Number of protein chains: 2
Amino acid sequence: MKVKYELVDECDKARYGILHTNHGDFETPMFMPVGTQATVKTLSPEELKDMKSAIILSNTYHLWLRPGEDIVNKAGGLHKFMNYDGPILTDSGGFQVFSLAKNKKKDIVEEGVLFKSHLDGKKLFLTPELSIQIQNKLDSDIAMSFDECPPASASYEYLKNSIERTLRWAKRGKDVHSNKNQSLFGIIQGGPHEDLRKYSAIETVKMDFDGYSIGGVANDGESKDDMYKAIDYSIPYIPKDKPRYLMGVGDPVDIIEGVIRGIDMFDCVLPTRLARHGNAFTHNGKINIKNAKYKEDFTPIESTCDCYTCKHYTKAYIRHLITSDETFGARLLSIHNIRFLIKLTEELRVAIKEKNIYEYREKFLQNYLGDKYDKNIKG
Amino acid sequence: MKVKYELVDECDKARYGILHTNHGDFETPMFMPVGTQATVKTLSPEELKDMKSAIILSNTYHLWLRPGEDIVNKAGGLHKFMNYDGPILTDSGGFQVFSLAKNKKKDIVEEGVLFKSHLDGKKLFLTPELSIQIQNKLDSDIAMSFDECPPASASYEYLKNSIERTLRWAKRGKDVHSNKNQSLFGIIQGGPHEDLRKYSAIETVKMDFDGYSIGGVANDGESKDDMYKAIDYSIPYIPKDKPRYLMGVGDPVDIIEGVIRGIDMFDCVLPTRLARHGNAFTHNGKINIKNAKYKEDFTPIESTCDCYTCKHYTKAYIRHLITSDETFGARLLSIHNIRFLIKLTEELRVAIKEKNIYEYREKFLQNYLGDKYDKNIKG
């Protein structure tokens with residue numbers, strides 16, 4: 001079965017819906033934790049369920065290199081391999097090729113991308129067909145088309161040619177996609193340019209994918225303004241009965257702005273990466289637990305938070321773990337940070353149902369940004 | 001309340017008993033996982049309970065340095081600090097001073113030991129009184145006396161003087177021990193020498209501790225033969241109504257040999273350290289999961305094992321995690337390895353009750369040592 005999006009309620013452009021998948025249904029908007037190497041760093045599947053995480057993302061590029069898609073396939077697919085029975089989305093490897101290739105060097109040709117492994121420098125050649133074939137074998141619920149991810153600094157001319165190639169690559173990938181239980185999403189590119197986003201969206205939608213994502217918003221150097229433009233210029237052309245996924249975005253403010261603009265799904269390594277560096281989300285902004293002021297702070301990160309970490313552990317203890325290089329500290333902060341983003345999407349769903357999403361945004365931003373908040377400057 | 005040992009059954013010298021503590025009772029023989037820095041590496045308290053771990057050890061030396069005993073005390077003691085409501089034993093710091101001191105240099109004087117921190121090289125001076133005062137503040141259920149841990153290579157003359165000093169240190173520590181809810185164990189030293197062990201045991205027992213441990217058996221260079229001698233020469237002088245703890249021992253064969261000789265409690269970093277390096281205990285000996293032969297092995301580490309890891313994950317997946325530096329791999333192997341040792345003590349308890357401990361040993365060693373097993377050569 002392909003995924004099916006059910007629109008339940010709207011508040012202006014924001015959507016509250018349900019995505020039906022082969023591994024269970026979940027409500028949107030939803031944040032997807034990232035399990036790059038078939039594991040959300042430090043966490044068990046049971047912990048992900050406890051924090052109401054409903055779908056995870058895993059990286060095709062990493063699994064292609066290790067352990068290899070054939071081993072995952074022999075295990076019975078990614079769900080069985082990693083003991084996770086919820087929905088899984090795999091990316092195409094496109095972003096990793098552009099961001100992780102050794103020395104960031106790659107040779108983009110019509111056939112695909114030639115680059116060197118970030119692990120051992122081995123020459124690799126990834127094509128749209130190969131990306132889809134790998135994902136078919138991984139047997140994720142949702143596969144992504146292989147796209148080019150140009151840098152934020154790319155010129156209009158470059159982007160114009162790039163979106164044409166990405167369309168050709170999307171078609172080639174779709175033509176070889178053969179896993180009937182796996183959905184395939186198309187990716188809209190075009191930088192911050194209205195005409196390019198419109199063209200990319202219309203042409204991608206013509207190919208009739210099971211869902212659509214907006215790419216090219218999470219590269220180094222992208223401005224928030226460019227991100228909001230990318231969404232605003234793409235969304236009008238995506239059919240309402242298909243899910244919309246903003247790739248690589250996990251900042252709480254961006255999730256709110258994305259939802260307000262009509263996005264249903266988000267993913268980002270941010271909550272787990274921040275955790276490993278001792279950072280925690282709070283409603284009053286991010287804190288770094290290594291700060292000396294938490295040495296004798298025997299209160300939870302947030303007393304109002306319902307996560308396992310906040311119910312059982314103090315800042316002083318987590319600070320001790322992080323400063324002592326104990327991975328249980330990263331585990332506790334990952335639980336809190338992921339739960340923070342999931343809870344944010346839960347609250348956004350309520351705000352959509354109660355038709356007060358702008359009030360929710362105002363209140364959240366006032367607390368989260370504090371002095372930096374300027375209610376006249378919204379994304 | 002001080003701990004209270006209840007002898008339930010015996011099989012030759014092996015004892016099946018119950019240790020009553022302020023944080024619950026548990027059956028012995030028992031293996032204690034090590035939570036050096038107020039966390040059993042990678043694991044949650046709930047996971048420890050799931051694997052029927054009944055008591056953990058934490059390290060006074062490490063907690064003294066980070067976060068400091070005053071912070072733990074202000075948190076309400078070690079149980080509250082780390083959210084663990086089962087019994088906790090703290091060591092004295094003696095072993096760490098001798099094994100972890102920067103460049104292994106230390107200056108042993110009658111007053112205590114002068115050495116440099118393994119973290120920052122700062123000069124530190126640990127005395128028997130300070131060790132007990134730190135442990136009083138940590139508020140563990142069981143504190144250990146501060147002893148000298150001479151190397152395996154120490155001469156008879158050195159050991160003779162050393163056990164005298166350890167006795168004086170034990171007395172000084174006992175004199176300042178002031179936590180009425182905390183038990184205090186004495187430590188028997190004396191290397192592999194019958195007369196020294198006898199003397200150390202008799203003089204330590206005269207001081208009337210709440211339990212007794214046998215030390216100096218887990219230094220680098222100790223032979224198994226020396227360990228068995230140390231136990232055999234000490235045990236006859238320890239009163240039967242007190243628990244007996246063999247320090248730093250966690251090899252399955254040593255646990256069996258220790259139990260047969262009358263030991264009730266064991267601790268070791270071995271199961272978690274092995275896990276981090278990809279090693280797993282099995283009834284047919286240790287395996288290293290990184291071995292290429294496990295690449296496509298979609299069976300659990302041991303199909304007969306009842307641990308979370310073996311119920312849900314394959315060798316191929318754990319191998320992928322370990323070779324990809326994912327800490328979830330260390331977590332899964334730690335769960336299996338600790339459960340393996342706890343299960344071993346459960347089986348030893350049954351063997352004691354059923355009076356077939358020697359048959360159990362024979363069967364276990366035949367499987368565990370394989371070709372290396374020689375039934376005529378027992379420890």
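Here is a check on your reading of the model: is A:Lys122 on the phi > 0 side of the Ramachandran plot and more than 13 Å from chain B (Cβ to nearest Cβ)? No; evaluated as a whole, the condition is false for this residue. Between B:Glu111, B:Glu46, the distinction of being free of Cβ contacts under 8 Å to residues at least 40 places away in the same chain, surrounded by fewer than 16 Cβ atoms within 10 Å (Cβ to Cβ) and within 14 Å of another protein chain (Cβ to nearest Cβ) belongs to B:Glu46 only.
Okay, residues lined up against (1) touching a Pro at 6+ places or on another chain (Cβ under 7 Å); (2) aliphatic (A, V, I, L, M); (3) under 21 Å from B:Ile342 (Cα atoms):
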site	(1), (2), (3)
B:Ala201	no, yes, no
B:Met207	no, yes, no
B:Ser223	no, no, no
B:Tyr233	no, no, no
B:Asp254	no, no, yes
B:Ile260	no, yes, yes
B:Asp267	no, no, yes
B:Asn279	no, no, yes
B:Gly285	no, no, yes
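Tell me, please, whether a residue that is surrounded by 24 or more Cβ atoms within 10 Å (Cβ to Cβ), within 15 Å of the chain's Cα centre (by Cα) and in contact (Cβ under 8 Å) with a residue 40 or more places away in the chain can be found in segment B:77-87. Looking through segment B:77-87, at least one residue is surrounded by 24 or more Cβ atoms within 10 Å (Cβ to Cβ), within 15 Å of the chain's Cα centre (by Cα) and in contact (Cβ under 8 Å) with a residue 40 or more places away in the chain. Name the residues in segment A:279-296 that are buried (at least 17 other Cβ atoms within 10 Å of the Cβ) and either within 14 Å of chain B (Cβ to nearest Cβ) or not in a loop (DSSP other than H, G, I, E, B) (or both), would you? Once the filter is applied, which keeps residues that are buried (at least 17 other Cβ atoms within 10 Å of the Cβ) and either within 14 Å of chain B (Cβ to nearest Cβ) or not in a loop (DSSP other than H, G, I, E, B) (or both), segment A:279-296 yields A:Asn279, A:Ala280, A:Ile287, A:Ile289, A:Tyr294. Within this structure, B:Thr36 passes the test of being out of contact with any Lys or Arg (no Cβ under 7 Å at 6 or more places or on another chain) and either in a loop (DSSP other than H, G, I, E, B) or not basic (Lys, Arg) (or both). Could you check segment B:71-88 and list, in sequence order, the residues that are away from chain A (no Cβ under 14 Å) and either assigned to a helix (DSSP H, G or I) or under 15 Å from B:Gln37 (Cβ atoms) (or both)? Of everything in segment B:71-88, just one residue is away from chain A (no Cβ under 14 Å) and either assigned to a helix (DSSP H, G or I) or under 15 Å from B:Gln37 (Cβ atoms) (or both), namely B:Ile88. Kindly indicate the residue of segment A:324-378 that is in contact with a Lys or Arg (Cβ under 6 Å, 6 or more places away or on another chain) and in contact (Cβ under 8 Å) with a residue 12 or more places away in the chain and also surrounded by the fewest Cβ atoms within 10 Å (Cβ to Cβ) among those meeting that condition. Filtering segment A:324-378 for residues that are in contact with a Lys or Arg (Cβ under 6 Å, 6 or more places away or on another chain) and in contact (Cβ under 8 Å) with a residue 12 or more places away in the chain, the one surrounded by the fewest Cβ atoms within 10 Å (Cβ to Cβ) comes out as A:Ile342.
Among the residues of segment B:95-106, are any part of a helix (DSSP H, G or I), under 23 Å from B:Glu164 (Cα atoms), of a type in the set (A, V, I, L, M) and modelled with pLDDT under 95? Yes, the conditions are met somewhere in segment B:95-106. For A:Val205, the conditions (1) outside any strand (DSSP E or B); (2) β-branched (Val, Ile, Thr); (3) crowded, with 24+ Cβ neighbours inside 10 Å all hold with the exception of (3).
Does B:Lys41 count as basic (Lys, Arg), within 22 Å of B:Asp254 (Cβ to Cβ), more than 14 Å from every other protein chain (Cβ to nearest Cβ) and in a loop (DSSP other than H, G, I, E, B)? The answer is no for B:Lys41. Just one of (1) closer than 30 Å to A:Lys198 by Cα; (2) outside any loop (DSSP other than H, G, I, E, B) fails for A:Ala316. It is (1).
Report yes if some residue within segment A:262-274 is farther than 24 Å from A:Asn59 by Cβ and modelled with pLDDT of 95 or more; otherwise report no. Checking segment A:262-274: at least one residue is farther than 24 Å from A:Asn59 by Cβ and modelled with pLDDT of 95 or more. Criterion first (touching a Lys or Arg at 6+ places or on another chain (Cβ under 6 Å) and basic (Lys, Arg)) does A:Lys74 satisfy it? Judged against the criteria, A:Lys74 is not a match.
When every residue of segment A:329-352 is checked against the conditions, none turns out to be within 13 Å of chain B (Cβ to nearest Cβ) and at positive phi.
So for segment A:52-61 (the condition being touching a His at 6+ places or on another chain (Cβ under 8 Å), outside any strand (DSSP E or B) and of a type outside the set (Ser, Thr, Tyr)), does at least one residue qualify? So far as segment A:52-61 goes, no, none of its residues is touching a His at 6+ places or on another chain (Cβ under 8 Å), outside any strand (DSSP E or B) and of a type outside the set (Ser, Thr, Tyr). Failed condition for A:Glu194, given (1) charged (D, E, K, R); (2) in contact (Cβ under 8 Å) with a residue 40 or more places away in the chain; (3) in contact with a helix residue (DSSP H, G or I) (Cβ under 9 Å, 6 or more places away or on another chain), with all others met? For A:Glu194, the exception is condition (2). Considering segment A:54-70, and only residues there that are within 12 Å of another protein chain (Cβ to nearest Cβ) and among the hydrophobic types (A, V, I, L, M, F, W, C), the residue that is surrounded by the fewest Cβ atoms within 10 Å (Cβ to Cβ) turns out to be A:Leu65. Just one of the listed residues (A:Tyr245, A:Tyr233) is aromatic (Phe, Trp, Tyr), in contact (Cβ under 8 Å) with a residue 12 or more places away in the chain and part of a strand (DSSP E or B), namely A:Tyr245. Does A:Thr272 satisfy the criteria of being within 14 Å of another protein chain (Cβ to nearest Cβ), touching a residue at least 40 places away in the same chain (Cβ under 8 Å) and hydroxyl-bearing (Ser, Thr, Tyr)? When the stated conditions are applied, A:Thr272 passes them. State whether the residues of segment B:93-100 include one that is more than 14 Å from chain A (Cβ to nearest Cβ), in contact with a strand residue (DSSP E or B) (Cβ under 7 Å, 6 or more places away or on another chain) and surrounded by 22 or more Cβ atoms within 10 Å (Cβ to Cβ). Yes - at least one qualifying residue is present in segment B:93-100. Residues in segment B:303-328 that are at the interface with chain A (Cβ under 8 Å from one of its Cβ atoms) and among the aromatic types (Phe, Trp, Tyr): B:Tyr313, B:Tyr317, B:Phe328.
Here's the yes/no breakdown for (1) part of a helix (DSSP H, G or I); (2) of a type in the set (D, E, K, R); (3) under 16 Å from the mean Cα position of the chain (by Cα):
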{"residue": "A:Val259", "(1), (2), (3)": "yes, no, yes"}
{"residue": "A:Gly262", "(1), (2), (3)": "no, no, yes"}
{"residue": "A:Phe298", "(1), (2), (3)": "no, no, no"}
{"residue": "A:Lys311", "(1), (2), (3)": "yes, yes, no"}
{"residue": "A:His320", "(1), (2), (3)": "yes, no, no"}
{"residue": "A:Leu333", "(1), (2), (3)": "yes, no, no"}
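The values are calculated or read from the model by the stated rules, or taken from the named source; none is laboratory data. Computed from a predicted model, the values in this text were never measured in an experiment. All Cβ positions, glycine included, derive from the backbone under ideal geometry; neighbour counts span all protein chains shown.
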